[in-house]
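Every number here is computed from the coordinates shown, using simple stated rules; none is lab data. All values reported here derive from a predicted model rather than from experimental measurement. Because the Cβ atoms are built from the backbone with ideal geometry, glycine has one as well, and the counts that use them run over all protein chains shown.
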Amino acid sequence: MASSSKEFNTTGPCRPEMHYMLPPELRIPGADLQRLIDKELYWVLHAPRQTGKTSFLMSWMRTLNASGQVVACYVSVEACQGIEDLAMAMPAICGAIRNYAGDFGVPVPTKPPPGSDPAIQLTETIKQWSELCAPKPLVILFDEVDTLSGATLISFLRQLRGGFASRGVGRFPTSVALVGMRDLRDYLTQSKDGVAVNPGSPFNIKKESYTLRNFTDAEVRELLLQHTEATGQVFTEAALSEVYRLSGGQPWLVNTLADLCVTRLVPDGAPVTADHIELAKEALIKSRAVHIDSLAERLRDPKIKRVIQPILVGDSAIILGESDPDVQLAMDLGLIHFDNGWEIANPIYREVLIRTLNV
């Protein structure tokens, strides 16, 4: 199953837990990761839920720290979701920084003094953090940034922008990643009630934007071969093809289909066949897992329903095109892709969405 630390695990009665992974950084098309550090860039990584963003960030943080050249730290701000009162949100964000710094064994900044202005708390915290990390530069990998909203999101980005020009060793983080499901401009526009972001505004801090692609057919095979090499249990050629066909390479679906087969549906050591993969698909859909339930929930959003419904009935010509903001939203959420026409991202998503609309 996908998680922050693994891409495929198998567990079951009397079975040891095994983790199989592929290097997540290989799934960021066009990214020169070292360049982001060398050029002191602030940048965005966006991809749908459960595609391996957190796995990538954790892996890259460990790589950067092992190099001894920088101090890198992962920080999730998800705990601040829905908090728009700056007097509550900013201390929570600064608290998350201290907690993650402590967890990962890097210098820990002190708590902002009582009564300090929340509009500068983040700035002061990461300035001090940079000082503590000197003579090495500080790199911050902020995850779940799009869970912030309204005044909190605006202040968070404004404070980063405020120190951007003076970034440097001991002064301010030299590189910052902003990671979430949406590209920066999308949730900035949302936070500003639909008003487009002025290119000269204090929010224009990102220099690069990347996404994390799905597994290729070859990568699905490479991942599942790791299980075969570890246990001797094989996936037939037809099973491998069916995993990729049904999932479209979506990491959580790949992992879950494989895990259901090797832990529940197939006797120890017996080959996994295409029929087993089909049984796993049905079990997955009926399980109402959070990932699957979230697809049905998406249809409650009129913007998503406007895009999804015509694709399902074969009348996607009414969609304005890739620049349409509702289409962009559906793409960012991993629900659709373009392949000689608009399509639902994979057959499993398509079946879930059809069943939801027919209820």
Mind giving me the nanometre distance, one decimal, between the label points for residue 305 and residue 67, set 7 Å out from Cα along Cα→Cβ?
4.8 nm
Kindly work out what percent of the DSSP beta bridges joining two residues of the chain are antiparallel, to the nearest 5.
30 percent
Report the full-extension gain for the segment residue 294 to residue 134: residue separation times 0.36 nm, less the Cα-Cα distance, to one decimal in nm.
53.3 nm
For the residue 237, residue 355 Cβ pair and Förster radius 30 Å, calculated FRET efficiency rounded to 0.05 is 0.50
Diagonalise the Cα gyration tensor of the range 13-161 and give the resulting equivalent ellipsoid semi-axes, square root of 5 times each eigenvalue, largest first, whole Å.
27, 19, 16
Label point distance in nm, residue 278-residue 263, each placed 7 Å from Cα along Cα→Cβ
2.5 nm
Work out how far the C-alpha atoms of the range 200-359 reach from end to end along every principal axis, then list the three figures in whole Å, largest first.
58, 43, 29
In sequence order, what are the phi-derived ³J(HN,Hα) couplings for the range 229-234 according to the Karplus relation 6.51 cos²θ - 1.76 cosθ + 1.60 with θ = phi - 60°, rounded to whole Hz, with x for glycine and proline?
5, 7, 10, x, 7, 9
1/(1 + (r/R0)^6) with r = Cβ-Cβ of residue 312 and residue 26, R0 = 30 Å, i.e. FRET efficiency to nearest 0.05, evaluates to 0.35
Sites matching trypsin sites (Lys or Arg not before Pro) across the range 26-76 that sit in DSSP coil, with at most 16 neighbouring C-beta atoms within 10 Å
39, 49
For the range 23-108, count the residues as N, evaluate 2.2 N^0.38 Å, and divide the Cα radius of gyration by that value, please.
1.21
Using only alpha carbons, build the gyration tensor for the chain and give me the equivalent ellipsoid semi-axes, biggest first, whole Å.
38, 26, 17
Extended-chain gain in nm, criterion 0.36 nm per residue less alpha-carbon gap, residue 88 and residue 120
10.2 nm
For the chain, what is the mean residue ellipticity at 222 nm derived from helices alone (per DSSP H run of n ≥ 4: -39500 (n - 2.57); sum divided by total residues; nearest 500 deg cm²/dmol)?
-14500 deg cm²/dmol
Residue 287 to residue 226: extension gain in nm, 0.36 nm per residue of separation minus the Cα-Cα distance?
19.3 nm
Where the centre of each part is set by its Cα atoms, how far does the range 57-135 sit from the range 319-349, in angstrom?
35 Å
